[in-house]
Amino acid sequence: MDCKSSLNADLVISNINVIDIKKGTVIGDQCVAIKGDRIIRIAPQGAYRFQAQTIVDGSNKYLIPGLWDMHVHIREYESIFFPLLITHGVTGIRDMFNPTVEDPGEWKSRVNSTNGYKPKLLQVASDIVDAPPIRWPGSIVIEHPDSAQVVVEKMKDKGADFIKIYDKLSEPVFRSIARECDRQKIPFAGHIPDHISLEDAIMAGQKSIEHLDDISLNLSPKSSSHRKRLKEASGKLSFNAYRAFKQQITVQSLSERDELLVEKLMGLMKKNSCWPGTAIFTIFDQLSNRPYPDMRNKDFGLNYYPDSLAVAYRESLQRPLPSAIQSNIRKLLLAKLKLLEDFERFDVPFLVGSDASPARAIVPGISLHRELEIMSRANISNATLLKSATLYPALFVGNERDYGTVSENKIADLVILSGNPLEDISNTQKIEAVILNGEHITREELQKMLKEVESKAGIK
Ligand SMILES: [Zn+2]
């Protein structure tokens, strides 16, 4: 009889390479034991004798935490989007505005409490709070600072995790929302309103900033005069003309980038826990505008969209953008990649988000991997990229106890990969199995789930 202690588990993954997310290293030859929905033991292979119902051979495979997409819009497409997320290893999401639900808190608890393969809905936004002309139907319009109190109260009552703010809010309204959120103890996050500087947004307590364009606009010493021009233009131009103008100004400010200012703003973000969210891929939602030639043949997943959505996007493939816009978008992309390098250099944690949405040709699950691929064009480490989809989101939602790394006592939401993501981030796509709440979902089951989603779509 050997003297190894024996341990009872439900699921054991043997001989696997565990990715240490914090250190960005591989710990080889590990045995990971799961009981119920938690990891109960991680030990070198052979240290224990495990009794388990299921033993999965992890030889030559890699274990990472389930990935999180911190910017998605599920809307009414749960039955399509949830399986797409799970099959692509995305086990946690933050929904950034769902106009199809009356009560975000109720929606969140329904999703999180019912059975089935679906990601955890970790945070849900309030309705978008904006001023005319609004971008999205279903937004709440606030034109007077006095209205902020009631709106914040109402959305907090409805269980929103944060107030989502948007482009057109006036400065007095923005400040009033910030004050109310502070008083009522609920964060606010989203876009930086056009007339507000990044520094003001950080100092007012904005918790996350979506789309890096809002940051890019602030890296020029002339940014306050740029904002003034935007303000003057906002009453005069049509909605689309204004957007093009704002893009033009953002591109201009890129050429005026000031390194000292960058350093100052990075320091402020870090110190005040203001988290950038990437959502880089959004600017390529027109499929004809795929950023890199080698990405043109990639699967963007339109085959999983119902006909009603996919037809319009398929058409957009045939309509390339005018070359002036293409060139601006290219410049904005490069600026975003440079910002990622700044985040790593100044140790500013950031959140990966793909802006997956039925309102765009950005198909959930697949889009997270496309976002990571685009991000990897920046000169930053794959270890940092992985953190932005695992550890950083867990820290952001304040739950490192349960999520973010492959560690004992954490929830067993995990992905088994056949390639090392620290060597090549696209290895996050080589999914061998997903473990959700301790339940092992094999590759065959994942493929079956995908087939089912595809068969519901209109075009075969
Ligand atoms: Zn969004």
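What follows is calculated from the coordinates using simple rules that are stated; it is not laboratory data. As the structure is a computational prediction, the values presented were derived from the model and not from experiment. For neighbour counting, all protein chains shown are included, and Cβ atoms are generated from backbone atoms with ideal geometry for every residue, glycine included.
Can you run phi through the Karplus equation (6.51, -1.76, 1.60; θ = phi - 60°) for segment 194-199 and list ³J(HN,Hα) in whole Hz, with x for Gly and Pro? My calculation for segment 194-199 gives 3, 9, 10, 7, 4, 4 Hz in order.
Of the residues 155, 178, 112, the one whose Cα sits farthest toward the positive end of the charge dipole of segment 103-211, with +1 on the Cβ of Lys and Arg and -1 on the Cβ of Asp and Glu, is 112.
Each of 440, 71, 144 has some number of other Cβ atoms within 10 Å of its Cβ, and from fewest to most they run 144, 440, 71.
Spin-label model, residue 228/residue 455: points 7 Å from Cα along the beta carbon direction are separated by 6.4 nm. When peptides 185-197, 250-262 are ranked by their average number of other Cβ atoms within 10 Å per residue, the highest-first order is 185-197, 250-262.
Net length available on complete extension from residue 272 to residue 236 is 9.4 nm, with 0.36 nm assigned per residue and the Cα-Cα distance removed.
Each peptide in 227-233, 337-343 was scored by the mean count of other Cβ atoms within 10 Å over its residues; highest first, the order is 337-343, 227-233. The Stokes-Einstein estimate for the chain, based on a Kirkwood radius over Cα pairs and taken at 25 °C with 0.890 mPa s viscosity, is a diffusion coefficient of 107 µm²/s. So for segment 66-396: antiparallel DSSP bridges make up what percent, rounded to the nearest 5? In segment 66-396, DSSP labels about 5 percent of beta bridges as antiparallel. In this structure, the residue pairs whose Cα-Cα separation is over 29 Å, taken from 410/430; 4/61; 331/456; 168/387, are 331/456; 168/387. Measuring r between the beta carbons of residue 426 and residue 323 and using R0 = 41 Å, the FRET efficiency lands at 0.90. Cβ crowding within 10 Å ranks 442, 390 as 442, 390, fewest other Cβ atoms first.
Calculate the translational D of segment 289-435 in whole µm² s⁻¹ from Stokes-Einstein, where the hydrodynamic radius comes from the Kirkwood formula applied to all Cα pairs, the temperature is 25 °C and the viscosity 0.890 mPa s. Mind showing how you got there, number by number?
Working: Rh = 17.1 Å.
For the chosen part, D equals 143 µm²/s.
Using just its DSSP H runs of length 4 or more, each adding -39500 (n - 2.57), the chain gives a mean residue ellipticity at 222 nm of -11000 deg cm²/dmol after division by all residues.
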